[in-house]
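Data block below; observations after.
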Amino acid sequence: MTTARRVAADVLHRSRDRAGFAGELVDAELGKANLSAQDRRFVTQLVFGVIRRQGSLDALLTPFLKTPLHAVQPRVRDVLHLGAYQLAFLTHVPKHAAVHEAVELAEHVGSGQARGFVNGVLRKVADLITDEFGPSPGPAALPFDAEFKKPPPPQVTVADRRKSRPPGARASGPLRAGGPRSREVAPAGSKEPVIPVLVPKYRKLNQPILPDPTADPVGYWVAGFSWPRWLAHRWLERYGPAECRRLGFWFNSPPPLWIRVNKLRVDRGAYQLQLAASLVEAEAGDHPQSLRLLEHVPIRDLPGYDDGDFTVQDHSSMVVASAVSPQPGNRLLDLCSAPGGKTTHLAELADNRAKILACDIDPKRLDTVMSLCRRLKVEGVEPVVLGENAEPPAGPFDAAIVDVPCSNTGVMGRRPEVRWRLRPGEFDHLIRLQTKLLIQAIERVKPRGIVVYSTCSIEPDENEGVVNAVGRAVPNLVLEAEHHAIPGAPSDGGYWARIRKLA
């Protein structure tokens, strides 16, 4: 019999073997399983929750084990994680049900002999977890969830108004190598972010098993917020405890679901009415094509899916193609095209009258790009497979977009495996690759052409660090604008920079 917990255990097993990202693996397993809509949502909740909170689950389980957790058979460890996650982070699952179902799951993963072991450990975890919550961290307070509220509008005095620059004006300095200054209006949707106010909730424990957040902040972030130790060190030093607390809660929460309304097909306001008629509530974002769905619904069930009325794309990604400002008749290069969100957006913004070369090293990923083009009724996109060490198309191009491979630190809520798969030593390799790709794009645009460089990272070395290094190496470049998307304000984290080539 197929159950939500069995499917979740199988996905966790495949994820541990790096068979793919959690989202892809969940979709693949759910495509084979005959589950209700409620159970399908439960599978997603379990898989993403266990991966996100693995460090916290380890901290809850370890005091009740006689052997190190890493010595426990991996699939039994998955069962313990699933059980502990339901006990600690889900309030709609009764404790006795969470323990009982985990014991039954041991048989499914081929370890029936571990039933007693699983039962004994999880009963102790159940006794540890209380039903009380509080607003403050502590050795006996486990970060549970948080509300993110819009801050009150600032009080602007007459003196402040005199000192402010014109609305929408965006002063952008030179590349660090030195160069002309420019002042431009920010592209749609890239205005200064509003940082939400955090209202945290901590679940109280019967024993102080977590490190003290004051005496050992790194240890508390590792156990409480489930971060790898190296990342806790890195971000606490950079951001400080308050912002790290906000990031911790944000990345441990299900990310908001954003869609981009296809301007070739339908107006955003008209599509929002279609959603309302289907009892799907959505609110408009700052980008003129963006809608945020207020609850997670099956994407294929939304009105207009087959007709190409929309595609899923985070708000922070939408503003990247808008920064290019493509025009009808342009010849455009998308150097790292897959999965195709920015490629198709370029086509939409150019009213389907641009020529776009969509490049990627993986033919299967380019198939995904072209499949999206067909669904959105996008034209003018030509796929280009780049073999190993192959040079990109020669150009010249009016503009190029370089959405480079990166650490994904801005999207850890959407890609929970990132925090466990990423290693600090990988940054050097990534930065070399990012620098190479940006220079290749600059070489291929015509004089007065532009390149938009983007990442889904919040690491300065991958963002302005790469742009500044290229500015020192390549003459006649102007940094016209740049934008840092802050996680939670209002969507994923990331970065883009628009660079003009003067000659």
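Bear in mind these aren't lab numbers, they're just calculated from the coordinates by the rules spelled out. Values in this document were obtained by computation on a predicted structure and should not be read as measured data. As a convention, Cβ positions derive from the backbone with ideal geometry for all residues, glycine included, and neighbour counts pool all protein chains shown.
State, to one decimal in nm, how far the label point of Asp267 lies from the label point of Asp17, with both points 7 Å from Cα in the Cβ direction.
According to this spin-label approximation, the distance is 5.3 nm.
I want to check the label-to-label distance for Ser136 and Arg374. Put each point 7 Å from Cα in the C-beta direction and report it in nm to one decimal.
With each label placed 7 Å out from Cα toward Cβ, I get 6.0 nm.
Can you list, bin by bin at 10 Å, the percent of alpha carbon pairs in region 297-438, starting at 0?
11, 37, 37, 14, 1
Taking the dipole about the Cα centre of region 1-98, with the C-beta of Lys and Arg at +1 and of Asp and Glu at -1, give me whichever of Val7, Ala37, Phe64 is farthest to the positive side.
Phe64
How large is the dipole of the chain about the Cα centre if only Lys and Arg carry +1 and Asp and Glu carry -1, each at its Cβ, rounded to the nearest 20 debye?
Roughly 800 debye for the chain.
Hey, which lysines would be in cross-link range of Lys204, C-alpha to C-alpha under 17 Å, not counting anything within fewer than 8 residues on its own chain?
Lys95, Lys124
Can you sort Ser371, Ser136, Ser290, Ser111 by how many other beta carbons sit within 10 Å, fewest first?
With the fewest neighbours first, Ser371, Ser136, Ser290, Ser111 line up as Ser136, Ser371, Ser111, Ser290.
Quick one: check the C-alpha center-to-center distance for region 98-157 versus region 22-57, whole angstrom.
A separation of 17 Å, based on Cα centres.
Viscosity 0.890 mPa s, temperature 25 °C: Stokes-Einstein D of region 255-312 from its Kirkwood Cα radius, in µm² per second?
221 µm²/s
I'd like the distance between the alpha-carbon centres of region 438-503 and region 266-342, rounded to an integer number of Å.
23 Å
From a point 7 Å beyond the Cα of Asp286 in the direction of its Cβ, which residues of region 300-319 have a backbone N at a distance under 14 Å?
Taking a point 7 Å out along Cα→Cβ of Asp286, the residues of region 300-319 whose backbone N falls under 14 Å are 315-319.
Once you place label points 7 Å from the Cα toward the Cβ at Ala390 and Asp306, how far apart are they in nm?
3.5 nm
If the viscosity is 0.692 mPa s and the temperature 37 °C, what translational diffusion coefficient in µm²/s does Stokes-Einstein give for region 196-310 when Rh comes from Kirkwood over Cα pairs?
Answer from the Stokes-Einstein relation: 191 µm²/s.
Under 19 Å from the Cα of Lys501, which lysines turn up, not counting those fewer than eight places away in the same chain?
Partners found: Lys436, Lys446.
Tell me, what does the Kirkwood hydrodynamic radius of the chain come to in angstroms if you use every pair of distinct C-alpha atoms?
It is 24.5 Å.
Near Lys377, which lysines are there with a Cα under 28 Å away, not counting those fewer than 8 places off in the same chain?
Within the straight-line cut-off, Lys377 pairs with Lys263, Lys342, Lys355, Lys364.
Computed over the Cα atoms of region 4-129, what is the ratio Rg over Rh, Rh following Kirkwood?
Using Cα coordinates only, the ratio equals 0.94.
Which percent, nearest 5, of DSSP beta bridges in the chain are antiparallel?
About 70 percent, rounded to the nearest 5.
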